[in-house]
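Asker: Once you've had a glance at the structure underneath, I'll fire off some questions.
The values are calculated or read from the model by the stated rules, or taken from the named source; none is laboratory data. Note that this is a predicted model, so its numbers are computed, not measured. Keep in mind that these areas ignore ligands, DNA and RNA; they rest on the heavy atoms of the full protein, side chains included. Shrake-Rupley method; radii C 1.70, N 1.55, O 1.52, S 1.80 Å.
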Amino acid sequence: MRSYSAIVIGAGPAGATAARRLAENGISTLLLERATIPRVKPCGGAITHRALPLLPPGGEALLKSHPCAWTFCGRNGRSVTLARNLPYSHIVERSVFDAWLTDRAAHAGVEVHDGEAVTAAEVTPTHSRLTTKYGRYTADIVIAADGAHGMMAKAAGFPRPRRGAAIEAEIPADAALLQHYHERVEIHVGQYPWGYAWVIPRAEILNIGVGSFRPAMFPLKERFFEFLERIVGHRDVVPLAHPLPYRLRWDPPVRNRVLFAGDAAGLMDAFSAEGIYSALKSGHMAADAALESLRHGTPCRTYAENLYEEFWPALKSAAKMSLLFYPLAGFWSDVFGQNQELLSHYLDVATGECPYDTLTRRAEHQLLHHPSMLLKRPRLNSAHDTFGST
């Protein structure tokens, strides 16, 4: 059995970042990834401005496009486009992006084992023992960044997040279509219960997909192919699906000396579905907490306290906004078509440039001016949709 001070599970943005930070500070670190790097990773690949400072030097070279326009398409074919001089976001190719982050971790001294899945885990108050088909390992601290379906949650007794779902494909596009979507993201709502469809341009392809926070409400795959044909015509593609992990209640992402980060912690925004920033940020925070614990013997619960302060106010507001918006998406698409200031606030929130408070207040103001909509508004404190603090 080989021993390490820290083992990180999962080589996505959260795991690769945490592993790199640990190794840079002299901690013996093993990074386990079940897939072979580079791996296929279904994701629109949108990175907000606030995520860029969290990347290692050189990360800007991976940005493939910088959409400065955003088209919001509502029901009945109505659409509104907002454009500005600064990008709303930046787009990366996730397979390249994740491989680069993993390479940066290896360069810092992390021992990287890709193609090696954890098959069993024993978690105790002092250490963890992990088993793969290639060996057995022990670590003082484990950072679990193994995604919404990761096995460490069950092993450590950490409640899994709720899981929406998205299905998407990357479609090569001709020059005319690429020009049509040049530096412009397109979002469609009103026809996808508790979700939306999108077109995101990146280099020579279009990322096209449909997602929902409650995918059981409609045939997701069928709607995807309908949307795909609507945008680019019939294509023989094999789409890829992935979960949208989010929480409506706070669960401290620490169990003994196992810290959960990124999607494994359920830190995705339940309104915009943005998750790369939270993955990178939680990776940094998990590494910092692990360093403090390893060096000074402090309890790992400080990670949960810091993560709560950093993320939960916004995640709670995102859950509330989700419950305000998605049940009445058709109504809101009409409102956005008539009120571009409100749409601008929506985009600023979705891209992480302003807090949810302003948008929530304005949305509630709109509802009060449309009393009939209040009858359809979901109860925010119902057993199904609660988003309490504990």
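Asker: Enumerate the calculated ³J(HN,Hα) couplings along the range 248-263 in order (Karplus 6.51 cos²θ - 1.76 cosθ + 1.60, θ = phi - 60°), each rounded to whole Hz, writing x wherever the residue is Gly or Pro.
Answerer: 9, 9, 7, 10, x, x, 9, 9, 6, 10, 10, 10, 9, 9, x, 4
Asker: Also, quick follow-up: Among R84, R39, what's the order by accessible area (1.4 angstrom probe), most exposed first?
Answerer: Sorted by accessible area, descending: R84, R39.
Asker: Starting from the coordinates of the alpha-carbon atoms of the range 260-343, obtain the Kirkwood hydrodynamic radius over all distinct pairs and give the value in Å to one decimal. Each step should come with its number before you reach the end.
Answerer: Values: mean 1/r = 0.0681 Å⁻¹.
Kirkwood radius, the range 260-343: 14.7 Å.
Asker: Also: Quick one: Cα centre-to-centre distance for the range 59-104 and the range 139-157, in angstrom?
Answerer: One Cα centre to the other: 30 Å.
Asker: Computed from these coordinates, which is Rg and Dmax of the Cα atoms in Å: [x] 21.0, 66; [y] 27.0, 91; [z] 21.6, 69?
Answerer: The calculated read-out lines up with [x].
Asker: Next question, about the same structure. Can you work out D for the range 23-101 in µm² s⁻¹ from Stokes-Einstein, where Rh is the Kirkwood radius over C-alpha pairs, the temperature is 10 °C and the viscosity is 1.306 mPa s?
Answerer: Calculated translational D: 104 µm²/s.
Asker: Moving on. Using the Karplus curve 6.51 cos²θ - 1.76 cosθ + 1.60 with θ = phi - 60°, what ³J(HN,Hα) values do you get for each residue of the range 301-312, in whole Hz, with x for Gly and Pro?
Answerer: 5, 4, 4, 5, 5, 5, 5, 4, 5, 6, 10, 5
Asker: Which aspartates and glutamates, on any chain, are close to K133 with Cα under 18 Å apart, when same-chain ones fewer than 8 places away are left out?
Answerer: Cα-Cα hits under 18 Å: E33, E111, D114, E116, E122, D146.
Asker: Let me ask another. Heads up, I need the accessible area for K281: 1.4 angstrom probe, whole protein in place, Å², nearest 10.
Answerer: About 50 Å², ignoring ligands and nucleic acids.
Asker: Let me ask another. Could you identify which residue out of P161, P299, P13 has the top mean-square fluctuation in a GNM of the chain using Cα springs shorter than 10 Å?
Answerer: In the Gaussian network model the winner is P299.
Asker: Which aspartates and glutamates have a Cα less than 13 Å from the Cα of K64, not counting those fewer than 8 places away in the same chain?
Answerer: List returned: E93, E183, E204.
Asker: Another one. Using Cα centres only, tell me the gap between the range 161-206 and the range 218-292 in whole Å.
Answerer: That distance is 16 Å.
Asker: Can you give the relative contact order of the chain as a percent, counting alpha carbon pairs under 8 Å and 6+ residues apart?
Answerer: 20
Asker: Further question on the same structure: If you restrict to DSSP beta bridges whose two residues both lie in the chain, what percentage is antiparallel, to the nearest 5?
Answerer: Rounded to the nearest five, the antiparallel share is 65 percent.
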